[in-house]
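Colleague: Below is a structure I'd like to ask you about.
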Amino acid sequence: MMGLIVTDFLLANYLWLKAFHIIAVISWMAGMLYLPRLYVYHVKATKGSELSETLKVMERRLLRFIINPAMIVAFVFGGLMLWLNPDLFQQPWMHTKLTAVILLTAVHGLYARWRKQFERDANQHSEKFYRYWNEVPTILMIIIVVMVVVRPL
Ligand code: HEM
């Protein structure tokens with residue numbers, strides 16, 4: 001009985017779920033597009049310098065207080081909508097979207113690993129490397145938004 005009331009409430013407020021989902025993905029994307037920019041500057045900063053130590057604080061706060069929570073909220077509201085609307089799982093455009101989302105989450109994991117390397121003054125990659133990786137979330141975001149809005153498949 002309680003389950004039914006909750007489901008009815010969520011279905012009646014489906015557009016609120018979608019709105020919070022979109023707010024969360026905007027925050028997630030903002031962080032994913034900004035963090036590798038900090039890595040590009042961090043590569044050039046002298047180890048132990050004031051700039052390097054400041055960038056470490058910025059990277060840690062960006063990841064912990066914006067990117068990680070935003071990803072979790074995007075998954076929760078996206079997952080809730082899929083739970084309420086399981087037919088979406090049959091859609092080829094949703095398959096492509098979720099594949100791109102899984103790749104985006106893997107890139108998130110790489111960014112977190114590289115942040116730890118910078119924190120230990122053990123970065124192994126060049127400025128050019130991070131400039132390339134900066135483009136990957138952009139490409140995935142374009143695929144995701146086109147799939148879920150235009151639904152070309
Ligand atoms: C994190 C895992 C994600 C899941 C499980 C998920 C799932 C969903 C679902 C089920 C919908 C509702 C579709 C409908 O009812 O019409 C939706 C809408 C949407 N999603 Fe996601 N999504 C995720 C991540 C993302 C990401 C990373 C982006 C953007 C980069 C994104 C952008 C959107 C947009 C723009 C809509 C609204 C589409 C519309 O109403 O026209 N989603 N998502």
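The values are calculated or read from the model by the stated rules, or taken from the named source; none is laboratory data. Here the structure is a predicted model, which means the values were calculated and not measured. Every residue, glycine among them, receives a Cβ derived from its backbone with ideal geometry; neighbour counts consider all protein chains shown. All accessible areas refer to the heavy atoms of the entire protein, side chains included, with ligands and DNA or RNA removed. Shrake-Rupley method; radii C 1.70, N 1.55, O 1.52, S 1.80 Å.
Colleague: Find the relative contact order for the chain and round it to a whole percent, using C-alpha pairs within less than 8 Å whose residues are 6+ positions apart.
Modeller: Details: 127 pairs, mean separation 53.8, N = 153.
So the answer I get is 35 percent.
Colleague: To continue, here is another question. First measure r as the distance between the Cβ atoms of residue 99 and residue 22, then evaluate 1/(1 + (r/R0)^6) with R0 = 30 Å and state the FRET efficiency to the nearest 0.05.
Modeller: Working: r = 20 Å, r/R0 = 0.66.
Working from the Cβ atoms, E equals 0.90.
Colleague: In what sequence, largest accessible area first, do 120, 131 appear using a 1.4 Å probe? List each step's numbers first, then the result.
Modeller: Values: 120 155, 131 95 Å².
Most to least solvent-accessible, the answer reads 120, 131.
Colleague: Ignoring ligands, DNA and RNA, what percent of the accessible area of the chain is carbon or sulfur (1.4 Å)? Mind dumping the intermediate values first?
Modeller: Numbers: 6380 of 9120 Å².
Carbon plus sulfur share of accessible area: 70 percent.
Colleague: I need the Kirkwood Rh of the chain: take the reciprocal of the average 1/r across all distinct C-alpha pairs and report it in angstrom.
Modeller: Details: mean 1/r = 0.0586 Å⁻¹.
One over the average 1/r among Cα pairs gives 17.1 Å for the chain.
Colleague: Check the straight Cα-Cα distances from residue 18 and name the aspartates and glutamates below 20 Å, setting aside those fewer than 8 residues away within the same chain.
Modeller: 8, 87
Colleague: If you place +1 on the Cβ of every Lys and Arg and -1 on the Cβ of every Asp and Glu, how big does the dipole about the Cα centre of the chain come out, in debye to the nearest 20? Before the final figure, lay out the partial values.
Modeller: Numbers: 16 positive and 9 negative charges, 85 e Å.
Roughly 400 debye, rounded to the nearest 20.
Colleague: What nm value, rounded to one decimal, do you get for the distance between residue 61 and residue 41 when each label is placed 7 Å out toward the C-beta?
Modeller: It works out to 1.3 nm between the two label points.
Colleague: What order, most packed first, do the peptides 1-8, 25-32 have when packing is the mean number of other Cβ atoms within 10 Å of each residue? Working shown, then result.
Modeller: Numbers: 1-8: 8.1, 25-32: 19.6.
Peptide ranking by packing, descending: 25-32, 1-8.
Colleague: Sticking with this one: Just name one of 51, 146, 107: the one whose Cα is farthest towards the positive end of the charge dipole of region 15-149 (beta-carbon charges, Lys/Arg +1, Asp/Glu -1).
Modeller: 51
Colleague: Go ahead and run the numbers for FRET between residue 107 and residue 149, Cβ-Cβ distance against an R0 of 22 Å, rounding to 0.05. Mind dumping the intermediate values first?
Modeller: Numbers: r = 21 Å, r/R0 = 0.98.
Working from the Cβ atoms, E equals 0.55.
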